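The values are calculated or read from the model by the stated rules, or taken from the named source; none is laboratory data. Since this is a predicted model, take the numbers as computed values, not measurements. For neighbour counting, all protein chains shown are included, and Cβ atoms are generated from backbone atoms with ideal geometry for every residue, glycine included. Ligands, DNA and RNA are excluded from the accessible area calculation, which covers all protein heavy atoms including side chains. Shrake-Rupley method; radii C 1.70, N 1.55, O 1.52, S 1.80 Å.
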Amino acid sequence: MDTQTGWSGVRERVIAMVEAQYRARGWGPPQHPVLEPVLTAAEIAEVEAQYGVELPKEYRTFLAEVGAGGPGPEFELTSLRRVDGKWGWVWEDSDPIPLDPSEPFVETEEWADQQLATLRAAGCEPTTRDEDDDYLDDYRKVFGDAADRVWHEQRDRGAILISDSGCGMTSWLIIVGPHRGELRDRNVGTNPAYIPFVDVHGTRHNFHTWYLEWLERSEREALGSWDDGPGPQ
């Protein structure tokens with residue numbers, strides 16, 4: 001895996017790419033800042049102290065050199081913000097989404113075993129594993145109205161929602177566990193697989209390689225749109 005973390009010139013490239021997209025569509029300049037402000041070393045330290053973790057180096061340096069949110073794969077990154085004194089990840093106007101660092105992120109192939117352990121610890125011997133939802137029905141017997149919340153909180157534990165790709169598709173950055181720093185792609189549905197993002201060579205992405213791959217593709221597309229002109233109005 002490429003562990004390079006330098007972000008020199010990336011903030012400027014993102015802004016230029018977005019401005020080129022606006023010109024190609026015949027719009028005026030963006031009315032709001034393209035990227036959120038960068039975070040200070042003290043602010044990043046606050047985030048890490050709040051959650052008791054060290055953020056992956058590639059993401060921590062992005063926050064310090066590029067911004068705490070803004071354009072990214074495939075629409076926008078979630079924004080890391082302090083709201084009412086607590087740090088969390090915000091998508092559009094959502095309430096801040098916290099990180100649960102209490103356990104490592106569970107890979108898809110290990111998820112059913114984690115559910116079994118949870119249910120047995122609650123005194124329930126699981127019954128039927130559903131093809132789509134695994135043991136969600138058993139969770140509902142044990143946890144009642146809180147079952148779906150518990151189920152989803154456990155499933156996302158150790159990772160943060162890093163971007164939304166629309167139509168229920170999301171991207172996750174692993175913070176806790178043996179694959180810390182890698183990205184996972186989650187499709188729609190109650191219990192989809194979390195699939196590693198890989199480059200053209202099949203190498204798993206870290207935040208740096210994942211973001212730059214998207215930026216380079218977006219720059220090519222923006223340049224092509226600008227060369228073609230805004231088209232019919």
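Worth a mention:
- Modelled FRET efficiency - R0 25 Å, H32 with V198, Cβ distances, 0.05 increments: 0.15
- Dividing the helix sum by the residues of the chain, where each DSSP H run of 4 or more adds -39500 (n - 2.57), gives a mean residue ellipticity at 222 nm of -12000 deg cm²/dmol.
- Nearest-20 debye value, the chain charge dipole, Cβ charges on Lys, Arg, Asp, Glu: 520
- Accessible-area composition of the chain, carbon plus sulfur, in percent [1.4 Å probe]: 50
- Cβ-placed point charges (K, R +1; D, E -1), dipole of the stretch 55-129 about Cα centre in debye, nearest 20: 300
- Efficiency of FRET from Cβ geometry, A117 and V53, R₀ 22 Å, rounded to 0.05: 0.45
- Shown in residue order for the stretch 23-37 are the 3J(HN,Hα) couplings computed by the Karplus curve 6.51 cos²θ - 1.76 cosθ + 1.60 at θ = phi - 60°: 5, 5, 8, x, 8, x, x, x, 8, 10, x, 5, 10, 6, x Hz (x for Gly and Pro).
- Exposed-site-free run, longest, the chain (rule: trypsin sites (Lys or Arg not before Pro); DSSP loop; at most 16 other C-beta within 10 Å): 130-233
- Net charge contributed by nearby residues that have their C-beta within less than 13 Å of S218 (K/R +1, D/E -1): -4
- One decimal place: the segment T128-F75 gains 15.3 nm when fully extended, by the rule 0.36 nm per residue minus the C-alpha distance.
- Solvent exposure of the stretch 19-142, expressed per residue, is 56 Å² of accessible area, with all protein chains present and a 1.4 angstrom probe.
- Relative protection proxy for 166-177, 30-41, from highest mean packing down: 166-177, 30-41 (other beta-carbon atoms within 10 angstrom).
- Rounded Å value of the spacing that divides the Cα centres of the stretch 39-102 and the stretch 144-208: 16
- E19/D100 FRET efficiency (R0 45 Å; Cβ-Cβ; nearest 0.05): 0.75
- Projecting the Cα atoms of Q154, W87, H179 onto the charge dipole of the chain (Cβ charges, centred on the Cα centre) puts W87 farthest toward the positive pole.
- Structure-derived semi-axes √(5λ) of the Cα gyration tensor in Å: which label, when the choices are (i) 35, 20, 17; (ii) 45, 31, 19; (iii) 25, 20, 17: (i)
- GluC sites (Glu not before Pro) lying in DSSP loop within the stretch 1-61, provided at most 16 other Cβ fall within 10 Å: E54
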